[in-house]
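The values are calculated or read from the model by the stated rules, or taken from the named source; none is laboratory data. In this text, all values refer to a predicted model and were calculated from it rather than measured experimentally. Cβ: placed from backbone, ideal geometry, glycine included. Neighbour counts: every protein chain shown. These accessible areas exclude ligands, DNA and RNA; they are computed on the full protein's heavy atoms, side chains included. Shrake-Rupley method; radii C 1.70, N 1.55, O 1.52, S 1.80 Å.
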Number of protein chains: 2
Amino acid sequence: MDNRSSPWIQTVTLTPPSLKDNTADADRLIQTLKSRLDTPAIDIDPELLKALPTLLRTSAFKVDCIVFKEKHQWVLIGVSDANMATPITGLAIDLGTTRVVLRLLDLADGKTLAESAFDNPQDAIGPDILARIHFVEKENGLKKLNQLIIDGLNKAITKLCATQHLDPEHICALSVAGNTTMTHLFMGLDPRWLIREPYIPVVNTPGIVKAQALGLDVNPLARVFIFPNIGSYFGGDLIAGILFSGIYKKSQTCILVDVGTNAEVVLGNKNWLIACAGAAGPALEGGVTRMGMTAGPGVIDRIRVDPKTLEFKIHTIEDMPPKGICGSGVIDLAAQLFLNGMIDIRGKLVPAICGSKIKNIDGLLHLIIVPASQSATGSDLTISQADLDSLIRSKAAMYTILETLTASVGIAPEELECFYVAGTFGSFINPGSAITIGMLPDLPLDRYQPLGNSSLGGAVLALQTDKYHDRIDQIRDRITYMELNVNQDFMNRFSAAKFLPHTNPKLFPSVKVGDHGLNSPAGD
Amino acid sequence: MDNRSSPWIQTVTLTPPSLKDNTADADRLIQTLKSRLDTPAIDIDPELLKALPTLLRTSAFKVDCIVFKEKHQWVLIGVSDANMATPITGLAIDLGTTRVVLRLLDLADGKTLAESAFDNPQDAIGPDILARIHFVEKENGLKKLNQLIIDGLNKAITKLCATQHLDPEHICALSVAGNTTMTHLFMGLDPRWLIREPYIPVVNTPGIVKAQALGLDVNPLARVFIFPNIGSYFGGDLIAGILFSGIYKKSQTCILVDVGTNAEVVLGNKNWLIACAGAAGPALEGGVTRMGMTAGPGVIDRIRVDPKTLEFKIHTIEDMPPKGICGSGVIDLAAQLFLNGMIDIRGKLVPAICGSKIKNIDGLLHLIIVPASQSATGSDLTISQADLDSLIRSKAAMYTILETLTASVGIAPEELECFYVAGTFGSFINPGSAITIGMLPDLPLDRYQPLGNSSLGGAVLALQTDKYHDRIDQIRDRITYMELNVNQDFMNRFSAAKFLPHTNPKLFPSVKVGDHGLNSPAGD
């Protein structure tokens, strides 16, 4: 027995054939693997048969076997001389709409070898899913979109392998977690029905596909585990996130929030999982302000207001001169403005407090965060009343989704054992600020846990053991997807959530707002 | 439900998707097929997914599905509009060393559409297995041999389909039965270890392979069932023959004999199967005489001697002028010569009886069967004493193999319920003549049953239902292969069998030889 942890690599020493046992090479190897893996049958990729007889004899019948679990069946996809220690690696892929992240792993022990990321080259066609799906309807549109992502992946794979002095041939197993549209485009499947009622994917459970069939330049026999989806709006990236969070095996009920363009929320425990998604995000990603942008060097990610001077204390990523503000910065800013009376509970700028920081541009109030003299752009970095209004709508939508989902199963937010926040949003956000503006429920801060790239994390797990493949199916099958019904009840909740932090302050006992005199809507 | 007999074609009408059931196209189809086939899982070929959404919608969700059973799992390999009645065909292949036979079937009802045959183009490399295996050791030798048979098959497939106005694309399932070496060359597998101790195939149970991977120009998603082998000397053609004969399900013990270059014999019933093979054949195929040849127009296949005039009454295939004699003709001839005292019990020509039909060429006695004036070749068609000696050795080997195998399980030949004789040999042979010379045991003639091309017959069955695939595995696993030990016991039996019909006439009570005075060895 080999003592490596991975089930994918099995080192076996065969009894050489004899006149008394003339079992064929392949059948001899499979027999041994079957008893090793305790499985009734193992397929062998027919391509492998060609090299097998010579390999077995030159390696003196001691070989490293690479096996992978297809849907219900193990398959032997690689055999190499055990005396040669051929590197055997895996690649986990987070297939994002805007950014694609790769992590190269040693399949033998699951350790990370290297990681890289690149902007999704489909962005040239359209920055969002919808634009890309419409492009599919043009001649060769699907082919072009598919080629863009496959070419992009192949280039990134070649580079990533080069950093480790490896050949892409050494990648024998891959896993891919992406949203439903990206997964379709990656597989070359027509996504047009995803955006037409009744919103039907081509496939929910793609399972395991040969890398060669997908056009990936890795080992031609490599297998690709593709995360399943539940529907158009709940993709494999989220299922990977659920797997990574471990929420599906918790005794206590937890919640997982992934905020991108949409807010996707999963609530549950080891017994049940309920999910919903809703438009909440644009204000929280790049879109909120003209100066808004995704996280990167020079972007303001944290901000404080000095309660005495009302001066802004900003922090930028990599401490570079400020050029914009990202979602977490905007939330910090709004919380600080609110706590210091610079905006009222409707999110309206309070000129009496803000003083000279306010300027009127084309009839719209703007708050200057960084004056032109200190900004990297040479212009004032400002946030307008419209930006703030947009943020308020986003935070209200977010809170309403959370409230609606928890209420649907009769759970109060304070009963949530753990609140996982996925993605870059989760990594950068200051939960205290999010609570202050009433975007997230008023839980003790230690219940908030950033997950990082949970989609990639789930993809990595899928390369660790086949047991996760079954769990992924179980997770998919266990999720109840709740359509967010935008009915009167929802709208009432939404209206109440459009105040800072909420019309019902009892929901946010920790948010202590000083008496700034002007801290209620004008006219109250 | 459709009422077609084939399990491979399932016509299904799906409930179209709705907001209440947004299951993906592929998963929707698979769900229905799973309940139809009562199986826990069905794979779908990823290539199919590309066309699926449009196809489902243009066919109003009523489709013909082509499914095939891979080793332990059904797989969906084709979907077409059920309103279009796309032809769906299968191809059974008997992959012979010298001749390849194809039968095109309608997969829906299993009916034969057309049949064709061609000479194995690998003959250009070498007429026999051994020459071809040695050729593999030359540069690109394996590739060339593989290409020859694949190209030959592709040409034949194109022609065969054209006769039915079908496109080879319409062939969705294939089955291939060949000996172990031919199967290796067909799959592009190195056969060199088959002829080196301990005689190991690359694979015993190739199972099901994609036609595309084999280079066959049929539907790219078509699956090929490849018959398993037991070892170098017991190939898929014989397993197909066992399947076709039905011997594996008989209550009574039966025997199956396939005579080619080797004599392959299987003895058994529904409880057990025992097999062996031995060199017996060359004299019985083309090789026995200089005028000997395989069956074809103008070849003498039946012969009688007029007891009064000792004239030969010949029958030729298609009644063409005689140009040679095939195995069945030689056996007829020997039996008739023996019954009429023209050869003695050692098979030696008796000049006193043969008279002017004998001529001495270079010191060797020849018997003129057809004088030059009546032959198609313009020369005398003769059989020499050496030819007769060779036949006697062959028939003795054949009988000894049968006797050894039956004796090994304690069965007397007369206990055999049925004696199946496969191949062209079985189709042409006159069992009475074979009994007369002591080649086959003295059973009532109605127990002898010619099987025809049992290898092709078995291949056809493998395309009828997946149940046969399991039976084929069971047959393979149930066979005990007996190495023919050429020990003293075997040699004693062989010596006794070198007489006509045998040294022990009690074994052949039906053979009544007239008293020709000279019918015992000279000197007795």
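Among the residues of the range A:196-226, those with an accessible-area drop of 50 Å² or more from chain alone to full protein complex, heavy atoms and 1.4 Å probe, are A:Pro198, A:Ile200, A:Val202, A:Asn204. Starting from the label point of B:Lys62 at 7 Å along Cα→Cβ, the same points in the other copies fall at 6.5 nm, in ascending order. Sorted shortest first, the distances from the B:Gln488 label point to those of the same residue in the other copies are 10.8 nm; each point sits 7 Å from Cα along Cα-to-Cβ.
Accessible area per residue for the protein assembly as shown is 40 Å², calculated with a 1.4 Å probe on protein heavy atoms, without ligands, DNA or RNA. Within the assembled protein chains, the solvent-accessible surface assigned to A:Cys326 is about 10 Å², based on a 1.4 Å probe. Here the Karplus relation 6.51 cos²θ - 1.76 cosθ + 1.60, evaluated at θ = phi - 60°, turns the backbone of the range B:500-511 into coupling constants of 9, x, 5, 5, 9, x, 5, 6, 10, x, 7, 7 Hz, with x for every Gly and Pro. Counting only residues at least eight positions apart within a chain, or on another chain, the lysines with an alpha carbon under 24 Å from that of B:Lys250 are B:Lys270, B:Lys467.
Taking the centroid of alpha carbons for each part, the range B:219-243 and the range B:24-98 are 23 Å apart.
Computed with every protein chain present, the accessible area of B:Arg196 is close to 80 Å² [probe 1.4 Å]. Straight-line cross-link reach from B:Lys512 at under 13 Å between alpha-carbon atoms covers these aspartates and glutamates, not counting any fewer than eight positions away in the same chain: B:Asp442. Note: relative contact order over chain A, using C-alpha pairs below 8 Å and six or more positions apart, is 13 percent. Closest approach to the axis carrying B onto A, counted by Cβ on chain B and given in whole Å with its residue, is B:Gln73, 3. The largest accessible area among B:Asp64, B:Asp167 belongs to the first residue in B:Asp167, B:Asp64, and the rest follow in falling order (1.4 Å probe, all chains). A:Thr158 contributes an accessible area of around 80 Å² to the protein surface, as traced by a 1.4 Å probe with all chains present. Counting only DSSP beta bridges with both residues in the protein assembly as shown, what percent are antiparallel, rounded to the nearest 5? Roughly 65 percent of the beta bridges in the protein assembly as shown run antiparallel, per DSSP. Only protein heavy atoms count here, probed at 1.4 Å, and on that basis chains A and B bury about 3200 Å² of accessible area in total. Cross-link reach is defined here as a Cα-Cα straight distance under 23 Å, omitting same-chain residues fewer than 8 places apart; for B:Lys155 the lysines meeting it are B:Lys111, B:Lys143, B:Lys144, B:Lys210. Computed over protein heavy atoms with a 1.4 Å probe, the carbon and sulfur contribution to the accessible area of the protein assembly as shown reaches 50%.
The range B:385-403 and the range A:393-457 have Cα centres spaced 90 Å apart.
Copy-to-copy label distances for B:Gly363, where each label lies 7 Å from Cα along Cα-to-Cβ, are 12.8 nm in order of increasing length. Under 5 Å between amide hydrogens, built in the peptide plane, is the criterion, and for B:Gly324 it picks out B:Ile300 among residues at least 5 positions away or on other chains. For the range A:127-213, the list of GluC sites (Glu not before Pro) that fall in a loop by DSSP and count at most 10 other C-beta atoms within 10 angstrom reads A:Glu137, A:Glu139.
Restricting the trypsin sites (Lys or Arg not before Pro) of the range A:1-60 to loop positions (DSSP other than H, G, I, E, B) with no more than 10 neighbouring Cβ atoms within 10 Å leaves A:Lys20. The GluC sites (Glu not before Pro) of the range B:386-454 that DSSP puts in a loop, and whose beta carbon has at most 14 other beta carbons within 10 Å, are B:Glu417.
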